[in-house]
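Q: Sharing a structure, written as structure tokens. Questions coming.
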Amino acid sequence: MAEDKPTIRVRRPEDLDSVKGHCWTSAKEAGDTRMTQDIPRQEHEPIHPIEPAGPAHRPPSGSLIPCPRVFYPAAGLLVVFIAVTAIFPERVGDWIGRANTNVVQELGWYYIAITAGFVGFAIWIAASHMGNIVLGKDGEEPEFSLASWFAMLFAAGMGIGLVFWGVAEPLNHFSAPPPGSPAADPAEAARTAMDTTFLHWGLHAWAIYVVVGLAVAYSVHRRGHPISLRWALHPLLGDRINGFWGDAIDVIAVLGTLFGVATSLGLGVSQISGGLGYLGVVDDAGDGLKVVLIVVITAIALVSVVTGIDKGIKWLSNINMVMAIALVAFVMVAGPTVFILSEFVSQIGSYIQNFFRLSFNSMPFHEDGKQWLGGWTTFYWGWWISWAPFVGVFIARISRGRTVREFVIGVLLVPTLVTFIWFSALGGTALYQEVFQGGGLIGEEGVDSTTGLFQMLDLLPLAAITSGLAIMLIVIFFVTSSDSGSYVVDMLSSGGNPNPPVWSRAFWAAMEGAIAAVLLLAGSAAGANPLGALQTMAILLAFPFSFVMIGMCFATAKALIGEERQRQRRQRKWLAEELAKEIDQQPR
């Protein structure tokens with residue numbers, strides 16, 4: 001008779017009662033007895049070091065609103081905000097302006113401190129023994145090859161923001177240097193401009209995504225939980241994630257993500273309208289055109305959501321990547337090639353040399369330091385934090401089987417290098433024009449951020465073609481960002497269900513467009529920069545989620561340290577047993 005195979009107890013039925021009444025359906029309630037039986041384990045199959053929750057805590061499915069305790073609060077708050085802003089745009093715009101002055105500008109030191117902390121956390125995790133832990137079962141191979149994984153990380157680093165700010169940000173910093181920058185010649189001013197740009201788009205941005213992505217990847221791939229942010233805090237909060245605190249975490253993540261995506265959409269339509277006006281396609285590139293563009297492009301995204309043409313979106317994403325690579329390659333060849341390459345190498349060294357000074361510069365001794373930070377560094381850190389649930393879930397899903405060290409190093413370095421090359425090509429070409437070719441991109445009133453890219457392309461051959469290519473890039477990024485952003489939000493509001501209802505996904509896509517439209521109108525009604533309202537709301541909505549991210553750091557560290565200690569205990573036990581065997585085998 002064959003020898004009985006060893007068994008491993010997965011979960012007892014009585015352990016599942018704690019999740020009744022919440023967004024997750026237990027295996028017991030679903031009649032799935034497989035999760036309550038002794039399941040044979042194949043010989044040589046690695047035993048999971050920490051028993052995963054597995055399907056015992058499965059995301060809900062099959063109902064109209066799978067997770068009402070997350071969906072209703074998030075949707076209700078959004079609908080009320082959109083309605084009030086649409087009815088009273090001037091009052092809301094004034095309120096946002098006061099919030100920017102009295103709240104956002106006071107948060108600079110906080111965002112600078114926590115973002116620097118996130119960079120330190122990521123490097124510490126990768127450099128420690130915990131970096132050897134696999135985001136999956138022990139011995140599991142990566143789901144994607146290294147080349148495919150790098151390609152997807154490259155795609156994650158691209159978006160509307162890079163197209164909008166690729167030329168505009170270096171020019172803005174060159175035209176109006178950060179407070180405290182030493183008065184110097186144009187060459188030094190250009191170096192400072194690129195240092196500041198690299199700070200905002202470099203390791204700090206991706207360290208924010210590492211915090212969320214690693215917490216989600218460990219929770220989903222290592223512990224078997226649903227794709228829901230609350231489960232990333234399970235090591236810290238325990239069963240409390242099934243109640244109010246878990247619901248609050250998911251609601252905060254949904255709201256922050258929606259406003260972060262809406263900010264990108266607002267930037268996109270502003271640049272599209274500016275480009276159409278610069279090229280003479282339209283006479284009036286004002287708010288009316290921006291709202292029409294939001295409606296039209298959001299409608300395209302809704303069609304893709306409702307019809308389920310996911311393959312079409314994938315094709316659009318791939319085409320967009322090719323177009324982006326083609327654009328930056330064209331600029332590098334048609335522009336000052338040697339200067340771009342030299343500037344890229346030089347700026348990498350300057351970024352490393354000034355890393356700590358830039359990271360902790362909260363400008364306390366400069367009267368206009370708070371205002372500058374609120375418009376730049378604080379905005380960027382808040383924007384990245386609001387995007388963190390979206391990007392974090394994406395990079396977590398594609399990283400199954402990677403070690404923690406591979407995950408951190410890959411996510412930090414690959415997208416950072418992509419963005420540095422992008423800014424060196426586009427921003428470097430614009431700065432070359434200003435420093436060596438007599439200028440022309442900076443007007444009497446400063447830099448026009450919405451048309452800066454088109455002004456730079458106008459200096460190169462085939463300007464009409466490349467400008468049209470840039471507009472297509474932004475439109476497709478708008479569609480894919482809205483479609484994929486609504487999917488992640490829908491998944492979060494459905495308790496981690498990877499196949500949420502189509503109608504709710506369409507609802508969130510419409511909400512993203514509506515938020516972008518009403519905030520642009522509110523900013524204009526208040527007589528301020530329309531993009532300022534979007535930036536302020538992104539910072540404000542990121543503030544509560546920043547506390548969730550701090551909790552994720554502690555939760556992830558607690559789980560990884562606990563697992564590493566278990567590994568060390570097993571290793572010491574094995575060594576003791578092997579030593580005992582050696583002693584017993586010696587002749588007496």
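The values are calculated or read from the model by the stated rules, or taken from the named source; none is laboratory data. Since we're looking at a predicted model, the values are computed, not measured. Because the Cβ atoms are built from the backbone with ideal geometry, glycine has one as well, and the counts that use them run over all protein chains shown. Remember, those area values only see protein heavy atoms, side chains included, never the ligands or the DNA or RNA. Shrake-Rupley method; radii C 1.70, N 1.55, O 1.52, S 1.80 Å.
Q: What relative contact order, as a whole-number percentage, does the chain give when Cα pairs under 8 Å and 6 or more residues apart are counted? Provide the component values of the computation, followed by the final result.
A: Working: 852 pairs, mean separation 181.7, N = 588.
That works out to 31 percent.
Q: Also, I was wondering about something else. Going by Cα centres, the stretch 415-463 and the stretch 508-570 are how many Å apart?
A: 30 Å
Q: In the chain, if the dipole is taken from +1 on Lys/Arg beta carbons and -1 on Asp/Glu beta carbons about the Cα centre, which of 496, 261, 79 is farthest to the positive end?
A: 496
Q: Once you sort the root eigenvalues of the Cα gyration tensor of the stretch 251-406 as a ≥ b ≥ c, which label holds: rounded (a/c under 1.5), prolate (a/b larger than b/c) or oblate (the other case)?
A: Rounded is the answer for the stretch 251-406, as its axis ratio a/c remains below 1.5.
Q: Just to make sure I understand: if all protein chains stay in place, what is the order of 366, 129, 234 by accessible area at 1.4 Å, largest first?
A: Sorted descending by solvent-accessible area, the residues read 129, 366, 234.
Q: A follow-up question, please. From the convex hull of the Cα coordinates of the stretch 465-513, what is the mean projected area in square nanometres?
A: Directional mean of the projected Cα hull area for the stretch 465-513 stands at 3.6 nm².
Q: Beyond 17 Å, what percent of the Cα pairs of the stretch 504-588 remain?
A: Roughly 72 percent, once rounded to a whole number.
Q: Run the helix sum for the chain: -39,500 (n - 2.57) per DSSP H stretch of 4+ residues, divided by residue count, reported at 222 nm to the nearest 500 deg cm²/dmol.
A: -23000 deg cm²/dmol
Q: Keeping the other protein chains in place, figure out the carbon and sulfur percent of the accessible area of the stretch 162-237, with a 1.4 Å probe.
A: 60 percent
Q: Report P(r) for the stretch 379-503: all Cα-Cα distances, bin width 5 Å, range 0 to the bin holding the largest distance, values in whole percent.
A: 2, 8, 12, 15, 16, 15, 12, 9, 7, 4, 1, 0
Q: Moving on. Please determine, in degrees from 0 to 90 and to the nearest 10, the orientation of helix 108-127 with respect to the longest principal axis defined by the Cα atoms of the chain, where the helix direction is its Cα long axis.
A: With both axes taken from Cα atoms, the answer is about 40 degrees.
Q: As an exercise, take the mean of 1/r over every pair of distinct alpha carbons in the stretch 405-475, invert it, and state the Kirkwood radius in angstroms.
A: Across the stretch 405-475, the inverse of the average 1/r is 14.0 Å.
Q: A further question on this structure: Using only alpha carbon pairs under 8 Å that are at least six residues apart, calculate the relative contact order of the stretch 394-538 and give it in whole percent. List each step's numbers first, then the result.
A: Numbers: 61 pairs, mean separation 13.3, N = 145.
For the stretch 394-538, the relative contact order is 9 percent.
Q: If you place +1 on the Cβ of every Lys and Arg and -1 on the Cβ of every Asp and Glu, how big does the dipole about the Cα centre of the chain come out, in debye to the nearest 20?
A: Numbers: 37 positive and 47 negative charges, 363 e Å.
Dipole of the chain, to the nearest 20 debye: 1740 debye.
Q: Now for a different question. Of all accessible surface on the stretch 353-443 at a 1.4 Å probe, what whole percent is carbon and sulfur?
A: On the stretch 353-443, the fraction of accessible area on carbon and sulfur atoms equals 59 percent.
Q: Using 0.36 nm times the number of residues separating residue 554 and residue 568, minus their current alpha carbon distance, what extension gain do you get?
A: Between residue 554 and residue 568, full extension yields an extra 3.0 nm.
Q: Moving on. For a quick check of understanding: with a 1.4 angstrom probe and all protein chains in place, what accessible area in square angstrom does residue 344 have, to the nearest ten?
A: 50 Å²
Q: Give, rounded to the nearest 20 debye, the magnitude of the charge dipole that the stretch 174-246 has about its Cα centre when Lys and Arg contribute +1 at Cβ and Asp and Glu contribute -1 at Cβ.
A: Charge dipole of the stretch 174-246: 540 debye, to the nearest 20.
Q: Might you tell me the accessible area per residue for the stretch 140-180, computed with a 1.4 Å probe and given in Å²? Display every interim value, and only then the final one.
A: Numbers: 1420 Å² over 41 residues.
Ligands and nucleic acids excluded, the figure is 35 Å² per residue.
Q: Quick check for me: using +1 on Lys/Arg Cβ and -1 on Asp/Glu Cβ, what's the dipole size of the stretch 210-318 about its Cα centre, in debye to the nearest 20?
A: 540 debye
Q: Quick check: residue separation of residue 143 and residue 417 times 0.36 nm, minus the Cα distance between them. What number comes out in nm?
A: Once the chain is fully extended between residue 143 and residue 417, it gains 96.3 nm.
Q: Any chance you could give the angle, 0 to 90 degrees and rounded to 10, that helix 502-525 forms with the longest Cα principal axis of the chain?
A: Approximately 30 degrees, to the nearest 10.
Q: OK, next. Can you compute the radius of gyration and Dmax for the chain, using only the Cα atoms, both in Å?
A: 25.5, 100
Q: Considering the stretch 230-292, what Rg and Dmax in Å follow from its alpha-carbon atoms?
A: 20.2, 60
Q: While we're looking at this one, here's another question. Express in Å², to the nearest 10, the accessible area of residue 491 obtained by rolling a 1.4 Å probe over the protein heavy atoms while all chains stay in place.
A: It works out to around 0 Å².
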